[in-house]
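Trainee: Here it is: the structure, laid out below.
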Amino acid sequence: LALADLWELTEQTRWIETALDRIDSVWQVRSDAREKVDGMWGKILPTWYGEDGDHAICLCTGTVLNPIARIMRLIHDTPRLHPYRSRIQPWFELCRQTIAVHDHEWIELPGDMGTYIEPYPKNRSRIYPRGGSRVSPLNRIHFFAMPMLNLGKMLDDPNYLDRVEKMARFFRHHCEPTEQGGLVWEYEVAPYRACGEDISHALAQIDFA
């Protein structure tokens, strides 16, 4: 993201070229390129994992895809950067493959809302969703929503854009207004009081909004 910011501040193409080289390296360590088997599903999935993780979650997928999709959107929308379009063209299919990893976690909700559930290890002896799952914390789904929004705009993909809109409604529905006219929200949506949202995690929702 910093390289995208530097391009917007300076319009020096060296920042875009640096980003493209680094993104090429990121694709090379996607789990299918490394033949890493997902610990949850027992097969190779085209995504990335946390340092000690072995099951795919939309947080990791979104965190990696978000700067990739932003650079792609800059190149797609900026005439001066159109010479780089051929460089990013193969990435559209790679992005689609990665987003599709989480399709089975998407849920539709009343009120034209939607979100992703998150399979997670309860402990070493119990693995979810073989027995359950949880609604993915808000910051995690919005890290995932941002690349979907950029890709949806570039590809004119109604499915991506529809899901982004439904996630936005889900987020707004679970916000509470303050006396000063702002909004507050919890870390996750649950039937019990959650632990609140710290500033660093809340940045995901602010950036998405």
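The values are calculated or read from the model by the stated rules, or taken from the named source; none is laboratory data. From a predicted model like this one, the values you see are computed outputs, not experimental measurements. Reconstructed Cβ throughout: ideal geometry from the backbone, glycine too, with neighbour counts over all protein chains shown. Quick note on the areas: whole protein, heavy atoms, side chains included, nothing else; ligands and nucleic acids left out. Shrake-Rupley method; radii C 1.70, N 1.55, O 1.52, S 1.80 Å.
Trainee: Looking at 84, 49, which is the one that is farther than 19 Å from residue 142 by Cα and of a type in the set (Phe, Trp, Tyr)?
Mentor: Within the list 84, 49, the selection yields 84.
Trainee: Among the numbered criteria (1) without any contact (Cβ under 8 Å) to a residue 60 or more places away in the chain; (2) out of contact with any Lys or Arg (no Cβ under 7 Å at 6 or more places or on another chain); (3) buried (at least 16 other Cβ atoms within 10 Å of the Cβ), which single criterion is violated by residue 3?
Mentor: The single condition residue 3 does not satisfy is (1).
Trainee: Name the pairs: first residue in the stretch 138-157 and free of Cβ contacts under 8 Å to residues at least 12 places away in the same chain, second residue assigned to a helix (DSSP H, G or I) and open to solvent by less than 20 Å² (accessible area, probe 1.4 Å), Cβ to Cβ under 9 Å, at least 6 apart or on different chains?
Mentor: Pairs found: 157/148; 157/151.
Trainee: Something else: Any residue at all in the stretch 56-77 that's over 20 Å from the mean Cα position of the chain (by Cα) and at negative phi?
Mentor: yes
Trainee: Provide a single number: the residues in the stretch 18-52 that are touching a helix residue (DSSP H, G or I) at 6+ places or on another chain (Cβ under 8 Å), more than 30 Å from residue 118 (Cα to Cα) and without any contact (Cβ under 8 Å) to a residue 40 or more places away in the chain.
Mentor: Number satisfying all stated conditions: 1.
Trainee: I would also like to ask the following. Can you run down the residue pairs with Cβ atoms below 6 Å, 6 or more apart or on separate chains, where the first is in the stretch 164-192 and farther than 17 Å from residue 145 by Cα and the partner is small (Gly, Ala, Ser) and outside any strand (DSSP E or B)?
Mentor: 186/194
Trainee: Return a yes/no flag: does the stretch 158-180 have any residue that is open to solvent by 40 Å² or more (accessible area, probe 1.4 Å), outside any loop (DSSP other than H, G, I, E, B), touching a helix residue (DSSP H, G or I) at 6+ places or on another chain (Cβ under 7 Å) and under 16 Å from residue 205 (Cα atoms).
Mentor: No, every residue in the stretch 158-180 fails to be open to solvent by 40 Å² or more (accessible area, probe 1.4 Å), outside any loop (DSSP other than H, G, I, E, B), touching a helix residue (DSSP H, G or I) at 6+ places or on another chain (Cβ under 7 Å) and under 16 Å from residue 205 (Cα atoms).
Trainee: For the stretch 60-71, enumerate the residues that are open to solvent by 10 Å² or more (accessible area, probe 1.4 Å) and of a type in the set (Ser, Thr, Tyr).
Mentor: 63
Trainee: Another one. Regarding the stretch 80-97, can at least one residue be identified that is in a helix (DSSP H, G or I), of a type in the set (Gly, Ala, Ser) and within 19 Å of the chain's Cα centre (by Cα)?
Mentor: no
Trainee: Which of (1) among the hydrophobic types (A, V, I, L, M, F, W, C); (2) modelled with pLDDT of 95 or more; (3) open to solvent by 30 Å² or more (accessible area, probe 1.4 Å); (4) closer than 26 Å to residue 205 by Cβ does residue 74 not meet, given it meets every other one?
Mentor: (3)
Trainee: Would a scan of the stretch 37-59 turn up a residue that is part of a helix (DSSP H, G or I), modelled with pLDDT under 95, farther than 15 Å from residue 94 by Cα and open to solvent by less than 50 Å² (accessible area, probe 1.4 Å)?
Mentor: For the stretch 37-59, residues part of a helix (DSSP H, G or I), modelled with pLDDT under 95, farther than 15 Å from residue 94 by Cα and open to solvent by less than 50 Å² (accessible area, probe 1.4 Å): present.
Trainee: Do the conditions hold for residue 154, that is, is it of a type outside the set (Ser, Thr, Tyr), modelled with pLDDT of 90 or more, open to solvent by less than 40 Å² (accessible area, probe 1.4 Å) and touching a His at 6+ places or on another chain (Cβ under 7 Å)?
Mentor: yes
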